[in-house]
């Protein structure tokens, strides 16, 4: 029976899923609505690692978010009866002596040593071009995002908690706190890049960063590690691999492009020494923020509405942390970390007219 103590979660990507899970773990009534349209989470490869390998910087809050995410996905694996989190070593391909030296230099940076193997490994796979060895990154792997979202949605549907509906700001009554006549304690909008069209949260600086991925079949490659060069190569099993990803700020669609495919194949052919076949090509819009921090918080003028967004390319790791913070804020009135609180963008609210 619907009561006013129930929260409504809108959207079913990693952020919305993580919020629903936090409500479930705490025994707080909730429901989810989603139109099940393509989201960045369903397209994402789900690879996680604690280091931004381009600059050898520790990812924001990695020391805290990584173990939290690990326990979060392990518990989901146990409850859903599927393997959600797949730990896999990640090998950073070295293309030159200079890159080898860069690996050793990076180990002196604060916080990086626990996540980096102390030596370059001269790993060999006849199907891969690895002329200067690899740098193993520790505590890495991938989350089966699509299987997770589908399975958890099915479980919630069986319990009458997941509904296939499209959200519209026009149907939310702020005074009565009702959606189509159903009363709620509050609404959590987890709609990804779609938040840019929101009457309430459209003022937030969410950008759509398009990413495209390939799935290939490379018979005989037999690789069981994630290999990172200009792209990543993620083993899916039976010599199928996911390859990605591109970044584009000029195309606000989720339609795969020939240009991105050509780029990915060019990068792939610099890594692979054996034939392969492209069997799938996908695209999605990552919701990104200029300061590369999630957007979490309650609307200053409409306290029944809250938002969780802006996970970018690190949603697998960031979503559990951000969801935990938001639910603690909504239920226990715990303050949000300043780095993720939407109050940091309050200056944009005045110009929005809200």
Study note, to complete from the structure: Those residues of the stretch 93-111 which are assigned to a helix (DSSP H, G or I) and exposed (fewer than 12 other Cβ atoms within 10 Å of the Cβ) amount to 97, 98, 105
Exercise for review: Kindly list, by first and then second residue, each pair from a residue in the stretch 262-285 that is in the same structural domain as residue 251 (by TED's automatic domain parsing) to a residue that is surrounded by fewer than 20 Cβ atoms within 10 Å (Cβ to Cβ) and outside any loop (DSSP other than H, G, I, E, B), limited to pairs with Cβ atoms under 6 Å and residues at least 6 apart or on different chains.
Suggested key: 277/217; 279/215; 279/217; 280/215; 281/261
Review point. Given 216, 195, which one is under 26 Å from the mean Cα position of the chain (by Cα), within 30 Å of residue 279 (Cβ to Cβ), touching a residue at least 60 places away in the same chain (Cβ under 8 Å) and surrounded by 14 or more Cβ atoms within 10 Å (Cβ to Cβ)?
Key: 216
Practice item. Quick one: count up the residues across the stretch 246-302 that are touching a strand residue (DSSP E or B) at 6+ places or on another chain (Cβ under 7 Å), surrounded by fewer than 17 Cβ atoms within 10 Å (Cβ to Cβ) and under 18 Å from residue 227 (Cβ atoms). Key: 2
Review point. Which residue, of 68, 76, is part of a helix (DSSP H, G or I) and within 19 Å of residue 292 (Cβ to Cβ)?
Key: 68
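Okay, residues lined up against (1) closer than 30 Å to residue 200 by Cβ; (2) loosely packed, with under 14 Cβ neighbours inside 10 Å:
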{"position": "5", "(1), (2)": "yes, yes"}
{"position": "8", "(1), (2)": "yes, no"}
{"position": "16", "(1), (2)": "yes, no"}
{"position": "64", "(1), (2)": "yes, yes"}
{"position": "77", "(1), (2)": "no, no"}
Study note, to complete from the structure: Filtering the stretch 306-321 down to residues that are buried (at least 23 other Cβ atoms within 10 Å of the Cβ) and touching a strand residue (DSSP E or B) at 6+ places or on another chain (Cβ under 7 Å) yields 306, 307, 308, 309, 310, 311, 316, 317
Check your understanding: So which of 93, 36, 21 is over 27 Å from residue 227 (Cα atoms) and at pLDDT 95 or above?
Key -> 21
Exercise for review: Considering every residue within the stretch 281-297, establish whether at least one is outside any loop (DSSP other than H, G, I, E, B) and more than 21 Å from the chain's Cα centre (by Cα).
Suggested key: no
Review point. Which one of these does residue 333 not meet: (1) in contact with a helix residue (DSSP H, G or I) (Cβ under 8 Å, 6 or more places away or on another chain); (2) at positive phi?
Key: (1)
Check your understanding: Are there any strands (runs of 3 or more DSSP E) wholly within the stretch 169-255 with 1 or more residues that are outside the structural domain of residue 33 (by TED's automatic domain parsing), and if so which?
Key -> 207-217, 226-228, 232-237, 240-244
Practice item. With respect to residue 223, determine if the residue is farther than 20 Å from residue 147 by Cβ and without any contact (Cβ under 8 Å) to a residue 24 or more places away in the chain. Key: no
Check your understanding: When residues of the stretch 82-92 are filtered for being touching a residue at least 60 places away in the same chain (Cβ under 8 Å) and either part of a helix (DSSP H, G or I) or in contact with a strand residue (DSSP E or B) (Cβ under 9 Å, 6 or more places away or on another chain) (or both), how many remain?
Key -> 6
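The values are calculated or read from the model by the stated rules, or taken from the named source; none is laboratory data. Fair warning: this is a prediction, and the values are worked out from it, not measured in the lab. Glycine also receives a Cβ, built like all others from the backbone with ideal geometry; neighbour counts cover every protein chain displayed.
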